[in-house]
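Reviewing the structure listed below.
The values are calculated or read from the model by the stated rules, or taken from the named source; none is laboratory data. The model shown is predicted, which means the values in this text are computed figures rather than measured ones. Cβ: placed from backbone, ideal geometry, glycine included. Neighbour counts: every protein chain shown.
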Amino acid sequence: MRLNITNTAKIEAELSSVNGTARAFTLTEAQALCAFAEHAERQLGKVLPKSAWKGARVTCRPAGPSASSYRYGAKSTECELERGATGWFLIACTTALVYPKTPAKCAVTLTAAQTRAASLYAARRLEREFSLTRLPETASEEELEVLEADARRLAGVS
């Protein structure tokens, strides 16, 4: 399946067939998928240029019951969207269980190439927007190790 999320009738028919009679805690309208896609685009815009978004995927699901007295899992809808060259497409739609206090899910997954491109794009933006202090080419191995340790500490990476 590959449905453009702007094709409201087909999207809502697919959601209806997956949801059955369930209405609460499910995705029932194409507009909800558009909202998830917009959220994903805001996230992608922070790490990649728009021209590199093709192939990114987002897994989305609404929140579970807010009352903790709700004892069992509730039927929900989980959808996977993929960014095409011109927009977002629904590529999978399944049922899922959500439990009390389960937050909504909007998880963006990058391709391997996008993952690598994100760090290159960030470096390019950094160079364009800031004056950078470069390490001298004559730095010793010990100075490089100290710099690497300091950088990891600053970034919160072990």
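Cβ-Cβ contacts under 9 Å between residues 6 or more apart (or on different chains), taken from a first residue in segment 109-122 that is within 13 Å of LYS50 (Cβ to Cβ) to a second residue that is surrounded by fewer than 13 Cβ atoms within 10 Å (Cβ to Cβ), are listed as ALA117/PRO49; TYR121/PRO49.
Please enumerate the residues belonging to segment 68-107 that are aromatic (Phe, Trp, Tyr) and loosely packed, with under 14 Cβ neighbours inside 10 Å. Across segment 68-107, the qualifying residue is only TYR72.
What residue, of ALA123, ALA151, is under 25 Å from the mean Cα position of the chain (by Cα) and surrounded by 10 or more Cβ atoms within 10 Å (Cβ to Cβ)?
The match here is ALA123.
With respect to being assigned to a loop (DSSP other than H, G, I, E, B), small (Gly, Ala, Ser) and either modelled with pLDDT of 95 or more or loosely packed, with under 13 Cβ neighbours inside 10 Å (or both), GLY45 falls outside the description. Note on segment 1-19: residues that are touching a residue at least 12 places away in the same chain (Cβ under 8 Å) and either part of a strand (DSSP E or B) or not charged (D, E, K, R) (or both) amount to 12. In this structure, does THR102 turn out to be in contact (Cβ under 8 Å) with a residue 12 or more places away in the chain, part of a loop (DSSP other than H, G, I, E, B) and of a type in the set (S, T, N, Q)? In short, yes. Residues that are surrounded by 19 or more Cβ atoms within 10 Å (Cβ to Cβ), under 30 Å from ALA117 (Cβ atoms), among the aliphatic types (A, V, I, L, M) and out of contact with any Phe, Trp or Tyr (no Cβ under 7 Å at 6 or more places or on another chain) do occur in segment 1-12. Being of a type in the set (Asp, Glu) and either more than 16 Å from THR6 (Cβ to Cβ) or in contact with a strand residue (DSSP E or B) (Cβ under 6 Å, 6 or more places away or on another chain) (or both) is a description that does not apply to GLU29. Taken over segment 127-148, the criterion of being assigned to a loop (DSSP other than H, G, I, E, B) and either touching a helix residue (DSSP H, G or I) at 6+ places or on another chain (Cβ under 7 Å) or loosely packed, with under 10 Cβ neighbours inside 10 Å (or both) is satisfied by PHE130, SER131, LEU132, THR133, ARG134, LEU135, PRO136, GLU137, THR138, SER140.
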